[in-house]
Amino acid sequence: MSHSQSSRTALLWHIGVWALFALVIVVLPYIFTSSSSISMMSQMGVFIIFALSYNMLLGQAGMLSFGHAVYFGLGGFFTLHAIRAVNDEVWQFPLELMPLVGGVGGLAFGIIFGSISTRRAGVTFAMITLGIGSMVESSANMFTDFFGGESGISGNRVTDVTLFGFSYGPSIEVYYLIGAWTVMAAVAMYLLTKTPLGRISNAVRDNPERAQFVGYNTTIARFIQFSLSGFFAGIAGGLFAIMFEIMTAPNVGLVQSGAVLLMTFIGGVGLFFGPIIGAVLVTYMHTALSGFSEGWILYFGLMFVFMVMYAPGGIAGVIYAHAAPWRAGLLWRLLPSYLLVLLPALLAIAGLVAVVEMGYQLSLAYDPSSPIDLFYMQINATSLWSWLVALLGLAVGIAGVLATARVVRARWAGVNRSMQATGAKT
Amino acid sequence: MRPTLSHFAVAGSPVMLESIVFSVLNGLLYGMLLFMLASGLTLIFGMMGVLNFAHASFYMLGAYCAYTISSYTNFWVALILAPLFVGFLGALTERFGLRNVHKHGHVAELLLTFGLVYVIDELVVLIWGQIPVNYAIPPSLDFTLFTLFGTSFPAYRAFILFVAIAMFGAIYLLLVRTRVGMIIRAALSHPEMVGALGHDVPRIFTLVFAFGTGLAGLAGVMAGNYYITEPGMAFSMGPIVFVVVVFGGLGSLGGALAASLIIGLVTTFAVSLNYSIADLLAAVGLGLDGANIAGGLAHIDLSRIGQMLPYLMMVLILIFRPRGLMGARES
């Protein structure tokens with residue numbers, strides 16, 4: 001009785017969370033109405049699906065892939081070829097379902113390449129995926145009919161063959177198409193984690209030897225997970241193709257594969273919603289930062305390295321670590337120490353940003369002595385004083401962080417002790 | 001201009017022979033450059049189990065450091081100092097980066113070096129700018145060594161071959177014949193025992209990583225002025241070096257040498273022999289129609305397949321011989 005009741009509350013809670021997710025997607029264009037923000041939010045949807053599909057490998061099955069864009073990109077190419085076929089009136093297929101073409105394409109190549117790569121695990125698997133990724137990218141030169149050579153393949157998404165009567169010409173209609181697919185794909189991937197396959201994948205990730213002893217074939221579990229992940233990556237690629245109406249060879253390449261690894265890891269691989277945070281954050285920062293800084297890749301790289309070293313659970317992991325103190329009502333004991341770290345951390349970041357921006361000014365700008373706008377100031381990169389101040393800020397900031405981090409650690413130790421004493425769940 | 005079929009029909013004529021001789025020489029050269037990179041990568045993997053994703057980035061750093069050092073002094077000083085400096089950066093990376101994530105396993109180490117690729121590649125742009133730098137071959141080596149069939153062979157290429165071979169000999173002797181090499185090899189297989197004997201195993205790992213990245217730096221010094229020193233040079237070299245290491249067998253120095261030479265020769269030949277399979281078939285009297293799929297595939301030039309060939313070879317060897325050419329063990 002009480003068991004069925006608690007499972008029913010859990011079910012309602014899940015439905016509620018997903019309904020909220022869908023509601024946010026529906027409401028967002030009413031808050032951010034500019035065409036650039038609608039384009040950015042559409043990209044976020046695409047990359048949420050892509051990053052979630054990537055996490056089916058890295059987070060759920062412990063498979064580090066350097067070639068996941070293969071399935072994303074090929075899915076996009078298949079979708080665009082299908083759209084062109086509808087353009088040429090040799091095929092009838094509604095645009096709303098076009099991402100499925102990409103999904104099937106991604107699944108097909110996931111099955112082909114997965115049968116090779118998933119026989120191995122760990123670092124060797126990573127190497128094989130890198131090799132396959134490079135192979136597919138360089139084969140774009142050979143199969144110019146499919147990849148379209150240097151200029152890529154383009155099509156027109158307004159096909160007049162639709163289910164619901166929208167033309168999908170305006171970007172807001174494309175946004176809602178992407179949003180609908182994002183919710184469907186995310187729910188499907190979430191439900192997959194609850195199936196026996198999802199559980200076996202976790203077992204294969206945590207302890208392949210023991211999973212084998214229990215009687216599961218780890219290779220087959222990895223293979224199925226890999227193929228399905230290719231399917232969802234293909235859907236994301238299909239939506240990408242619909243949105244941009246063009247696919248080029250780099251879309252299957254290593255840079256794109258690296259980007260999805262970056263956003264998934266920054267978001268957090270340990271929890272299902274981690275990659276959603278990562279996709280949203282990285283897409284936002286990419287759009288926002290690349291506009292006014294040459295160094296956004298460097299900032300991303302530094303952030304990634306920092307997270308690998310100090311927060312391997314990503315942003316979602318950091319958030320989740322505070323769930324237990326929050327439930328125990330002890331969060332207030334941590335917050336003051338965070339404020340204490342925040343000040344020197346901001347100083348260090350400001351110093352770093354100043355050093356990096358001045359460096360780019362010196363190496364890339366046409367006139368290095370022209371002042372840069374930074375922190376509401378005009379900074380001259382050729383002046384020794386700017387460098388001294390920036391480096392001093394960086395050094396003092398780092399020293400301050402190192403000193404105050406001790407306070408945070410001490411507070412955490414205290415909170416953990418209290419929680420153990422009261423028997424709270426950690 | 002595209003060579004015509006008649007070249008093929010009269011194989012053995014001077015034109016064909018010249019093409020083959022120079023393809024062999026250039027293939028060997030490219031192979032030895034690949035080996036200079038691959039040897040460091042495979043050493044680090046063999047000793048520490050760490051696959052250094054940023055290896056080609058250290059190679060690029062080597063080229064840029066050599067450019068800066070040689071602009072103040074000369075090439076010979078750079079040849080010595082730049083690899084040492086890159087090795088020092090490698091030591092810092094190991095000491096303050098890899099050692100901290102070691103407890104999270106090899107995947108975390110791989111991720112760290114993956115992040116370093118972004119950081120190093122961007123730092124290079126930050127310091128030296130986007131456009132290629134003028135890192136030139138030293139005047140003392142800038143002459144023609146010999147001329148064959150009217151085509152000249154520069155002395156610098158011979159110098160690269162010489163350095164690469166000397167490097168292989170030195171590494172081999174160091175690992176097999178010296179006490180240091182013995183301790184390093186022992187630390188790989190039995191780290192606890194080596195530690196119990198009083199050796200500082202973490203320091204050995206730092207030294208191995210520094211040594212491996214230093215070798216990558218040396219390759220950068222040699223290749224930076226032979227090719228072009230520009231921010232894209234790491235990205236163009238990185239994946240192919242991984243192919244070499246996997247193809248030869250992870251951790252095997254001899255395998256890396258064999259794989260470097262094979263891949264160097266194969267890619268050079270594929271580019272220089274600009275024929276398609278259809279041309280070959282036509283030469284033996286089999287015509288193929290370009291309209292169907294098999295015909296379309298056969299009409300693709302070998303030079304276009306050449307870029308893909310190494311990766312295809314790697315995938316094939318992983319299917320049929322997963323431990324690579326000379327790998328001691330799987331994965």
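Read the figures in this text as sums done on the coordinates, not as results from a lab. Predicted model, so just to flag it, every value in this text is computed and none were measured. With ideal geometry, Cβ positions are generated from the backbone for all residues, glycine too; neighbour counts draw on all protein chains shown.
One residue stands out among those in segment A:87-122 that are surrounded by fewer than 19 Cβ atoms within 10 Å (Cβ to Cβ), in contact with a helix residue (DSSP H, G or I) (Cβ under 7 Å, 6 or more places away or on another chain) and within 14 Å of another protein chain (Cβ to nearest Cβ): the one that is nearest to A:S167 (Cα to Cα), which is A:S115.
Taking into account only those residues within segment A:402-417 that are within 17 Å of A:H322 (Cβ to Cβ) and β-branched (V, I, T), which is surrounded by the fewest Cβ atoms within 10 Å (Cβ to Cβ)? Looking at residues that are within 17 Å of A:H322 (Cβ to Cβ) and β-branched (V, I, T), I get A:V407.
With respect to the stated conditions, B:T213 is closer than 18 Å to B:A91 by Cβ and among the polar types (S, T, N, Q). Here B:P139 fulfils each of the conditions (1) within 14 Å of chain A (Cβ to nearest Cβ); (2) more than 23 Å from the chain's Cα centre (by Cα) apart from (1). Where helices (runs of 4 or more DSSP H) fall entirely within segment A:83-163, those with at least 1 residues that are more than 23 Å from the chain's Cα centre (by Cα) and in contact (Cβ under 8 Å) with a residue 24 or more places away in the chain are at A:98-117, A:144-147.
Which members of segment B:239-264 meet the condition of being of a type outside the set (A, V, I, L, M) and away from every other protein chain (no Cβ under 13 Å)?
Answer for segment B:239-264, where residues must be of a type outside the set (A, V, I, L, M) and away from every other protein chain (no Cβ under 13 Å): B:S252, B:G254, B:G255, B:S260, B:G264.
Residue count for segment B:43-80 under the criterion of being of a type in the set (S, T, N, Q) and either in contact with a His (Cβ under 9 Å, 6 or more places away or on another chain) or assigned to a helix (DSSP H, G or I) (or both): the result is 4.
When you look at A:A233, is it within 23 Å of A:A108 (Cβ to Cβ), out of contact with any Lys or Arg (no Cβ under 7 Å at 6 or more places or on another chain) and of a type outside the set (S, T, Y), yes or no? In short, yes. Do we have A:A390 as surrounded by fewer than 14 Cβ atoms within 10 Å (Cβ to Cβ) and more than 25 Å from B:I131 (Cβ to Cβ) here? No: the conditions fail for A:A390. For A:F300, the requirement of being part of a helix (DSSP H, G or I) and in contact with a Gly (Cβ under 6 Å, 6 or more places away or on another chain) is not met. Each residue in segment A:243-266 was checked for being touching a residue at least 40 places away in the same chain (Cβ under 8 Å) and within 17 Å of A:S151 (Cα to Cα), and 9 of them qualify. If you check A:L28, A:L52, A:L74, A:L11 for being within 22 Å of A:P196 (Cα to Cα) and either surrounded by 14 or more Cβ atoms within 10 Å (Cβ to Cβ) or under 22 Å from the mean Cα position of the chain (by Cα) (or both), only one passes: A:L52.
When A:L374 is tested against (1) of a type outside the set (G, A, S); (2) over 23 Å from A:V318 (Cα atoms); (3) exposed (fewer than 12 other Cβ atoms within 10 Å of the Cβ), only condition (3) is not met. Is at least one residue of segment A:172-195 under 20 Å from A:G75 (Cβ atoms) and more than 25 Å from the chain's Cα centre (by Cα)? No, that holds for no residue.
When B:F114, B:F96 are screened for being without any contact (Cβ under 8 Å) to a residue 24 or more places away in the chain, facing chain A (nearest Cβ under 10 Å) and of a type outside the set (D, E), only B:F96 passes. Which one is farthest from the chain's Cα centre (by Cα), of the residues in segment A:365-414 that are closer than 14 Å to A:G351 by Cβ and not hydrophobic (A, V, I, L, M, F, W, C)? Residue satisfying both the conditions and the ranking: A:S386.
Looking at segment B:101-113, which of its residues are farther than 15 Å from A:F304 by Cα and part of a helix (DSSP H, G or I)? Those that are farther than 15 Å from A:F304 by Cα and part of a helix (DSSP H, G or I): B:H102, B:K103, B:H104, B:H106. For segment A:356-371, residues that are part of a helix (DSSP H, G or I) and either surrounded by fewer than 18 Cβ atoms within 10 Å (Cβ to Cβ) or away from chain B (no Cβ under 13 Å) (or both) total 2.
Scanning segment A:305-328 for residues that are surrounded by 19 or more Cβ atoms within 10 Å (Cβ to Cβ) and within 21 Å of A:A354 (Cβ to Cβ) yields one hit, A:V305.
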